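Before any comments, here is the structure.
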Amino acid sequence: TAFHISEAGLRLRYAYGETFFKTPRGNRFSLGTRFPVVCLNIARGGQAWYGEFRYWRTEMKLTKVFKTKSFGASRVAVIGGLVNGDAPYSRLYAPMASYKSFTVESEQSFGTMRLNEFTSDRFVGLFFKQDFGKLLFKPRGKFQPEIALVHNLGFGTLKAASAHRNIDIRTFGKGYFEGGLLINNLFRIQLFRYGIGVMYRYGPYAYPKTIDNFAFKMTLQLSM
């Protein structure tokens, strides 16, 4: 019921050719890059400073945006993590979940997954968004909706689940799947564009009651 953790790590992000936009108030927003963006986290748990566990935690994320005139922007993110050694429950992975019955849409997260619903010491996730922009609707005055399709999937396992006692452990080794539709840019307020969306959970971990598999979203984008 009580333990000590001592951990040190390194976080790296490399985005070649990334450009930024700076507002009059001094806020800075990334405009992205046409090259892949790589993020890497490495952490070591040790016995220094009363630490009780020795382990390695390694995570990597690779993102890329593919733009074409026919289909708009295809946004792809691959995220994976691995824990080696004896790590306590709090240092394992809870997938990137962002479920609420209605909340702001969060990219590179599972919109229908509950917080801390699953636990793993190794996982991989693929997040895909096809943003058609204004290709599917012709702009009519201020009404310029933009359609995007989303599909996410992930797998995660835990080697020594029995070592974590008095905790309800669930993994998603059979595969977690969800898809969704976003309607962006329904209206604008100052620098931001707002829209709505819906996500649906299916596959081995879908709920028996259909309505529980849905999550409704509000989309928020920076208007340039």
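Some observations on this one:
- Across the stretch 117-194, the relative contact order, built from alpha-carbon pairs under 8 Å that are at least six residues apart, equals 34 percent.
- Label corresponding to Cα extents along the principal axes in Å when calculated from the structure given, among (1) 63, 45, 30; (2) 48, 47, 30; (3) 91, 40, 27: (1)
- Under the Karplus curve 6.51 cos²θ - 1.76 cosθ + 1.60, θ = phi - 60°, whole-Hz ³J(HN,Hα) for the stretch 19-27, x wherever Gly or Pro sits: 10, 9, 10, 10, 7, x, 7, x, 6
- Volume of the Cα convex hull of the stretch 84-175, divided per residue and given in Å³: 117 Å³
- Carbon + sulfur, % of accessible area of the chain - ligands and nucleic acids excluded, 1.4 Å: 59 percent
- Cα centroids of the stretch 33-70 and the stretch 122-163: 20 Å apart.
- Residue-span extension gain [LEU136 to ASP212] - 0.36 nm each, minus C-alpha spacing: 24.4 nm
- Looking at the stretch 2-50, the pairs of alpha carbons with a distance over 17 Å make up 60% of the total.
- Think of a 1.4 Å ball rolled over the protein heavy atoms: the chain then has 63 Å² of accessible area per residue.
- Between the listed residues SER90, LEU181, THR171, the Cα displaced farthest toward the positive end of the dipole of the chain, a dipole computed from Cβ unit charges relative to the Cα centre, is found at LEU181.
- Remark: spin-label model distance LEU149-ARG170 equals 2.8 nm, labels positioned 7 Å along the Cα→Cβ axis.
- Annotation: for a label point projected 7 angstrom from Cα along Cα→Cβ of TYR16, residues of the stretch 31-47 with backbone N closer than 16 Å are 33-39.
- Cα-Cα pairs of the stretch 181-224 separated by more than 15 Å (percent): 51 percent
- The average projected area of the stretch 52-109, computed from the convex hull of its Cα atoms over all directions, is 5.9 nm².
- The stretch 1-128 - Kirkwood radius from inverse mean 1/r over Cα pairs (Å): 17.3 Å
- Rounded to the nearest 20 debye, the dipole size of the chain about its Cα centre is 880 debye, using +1 on the Cβ of Lys and Arg and -1 on the Cβ of Asp and Glu.
- At R0 = 30 Å, FRET efficiency that the Cβ-Cβ distance of PHE29 and SER101 yields, to 0.05: 0.55
- Packing-based ranking, highest mean first, of 184-194, 16-26, 91-101 given that Cβ atoms within 10 Å are counted: 91-101, 184-194, 16-26
- The chain - percent relative contact order, Cα under 8 Å, separation 6 or more: 14 percent
- Each residue of the stretch 2-11 was assigned a 3J(HN,Hα) from its phi angle through the Karplus curve 6.51 cos²θ - 1.76 cosθ + 1.60 (θ = phi - 60°); the sequence is 8, 7, 10, 10, 10, 9, 9, x, 9, 10 Hz, with glycine and proline shown as x.
- Where Rh is the Kirkwood radius over Cα pairs, Rg/Rh for the stretch 133-174: 1.48
The values are calculated or read from the model by the stated rules, or taken from the named source; none is laboratory data. The model shown is predicted, which means the values in this text are computed figures rather than measured ones. Cβ atoms come from the backbone with ideal geometry, glycine included; neighbour counts cover every protein chain shown. Just so you know, the surface numbers come from the protein's heavy atoms only, side chains and all, with ligands and any DNA or RNA stripped out. Shrake-Rupley method; radii C 1.70, N 1.55, O 1.52, S 1.80 Å.
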